[in-house]
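Data first, discussion second: the structure below is written as C-alpha cells.
Each reported figure results from applying straightforward, stated rules to the coordinates on display, with no laboratory input. Model, not experiment: these values are computed from the prediction. Please note: Cβ atoms are built from the backbone with ideal geometry, for glycine as well, and neighbour counts cover all protein chains shown.
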Amino acid sequence: LNIYKYLLKPNAALEMKTDNVGFFEFGLESMEEVGAKILDISRDLTAENRPDNVVTEYEKRWSDMGIKINYVKVTF
C-alpha cells in the first residue's frame with residue numbers, strides 16, 4: 001500500500017474487489033493503518049448492479065455461485 005501511496009497521483013483512487021472476506025477485512029485494516037480514506041465500499045457489489053462495474057471473469061464465476069463480491073475504493 002505504501003508503494004501505491006507513492007506511485008498514485010494526488011487524489012487518485014485505488015479500487016479492490018475480492019470474494020475472499022478475510023482478505024477484504026485485512027485489506028481494510030491495512031488501508032486504515034496507512035491513512036487511506038474510504039470513498040466507496042460494498043459488501044455485495046453484484047447485488048447493487050452498478051452500471052460502472054466492470055465484471056471480471058472470476059467475479060462473474062463467483063457471483064453465479066452466490067458468492068458475494070466485496071469492493072472498496074480509497075484515496076491516500
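Descriptive notes on the structure:
- For the stretch 55-71, the count of residues that are surrounded by 13 or more Cβ atoms within 10 Å (Cβ to Cβ), out of contact with any strand residue (DSSP E or B) (no Cβ under 6 Å at 6 or more places or on another chain), charged (D, E, K, R) and on the phi < 0 side of the Ramachandran plot is at least one.
- Taken as a whole, the condition of being within 26 Å of LYS5 (Cα to Cα), among the charged types (D, E, K, R) and surrounded by fewer than 12 Cβ atoms within 10 Å (Cβ to Cβ) applies to LYS37.
- Test: residue in the stretch 13-20 that is charged (D, E, K, R) and touching a helix residue (DSSP H, G or I) at 6+ places or on another chain (Cβ under 6 Å): yes
- When the criteria are applied in full, ALA13 meets the requirement of being surrounded by 10 or more Cβ atoms within 10 Å (Cβ to Cβ) and in contact with a strand residue (DSSP E or B) (Cβ under 6 Å, 6 or more places away or on another chain).
- Identity of the residue in the stretch 40-54, surrounded by 12 or more Cβ atoms within 10 Å (Cβ to Cβ) and polar (S, T, N, Q), that ends up nearest to PHE76 (Cα to Cα): SER42
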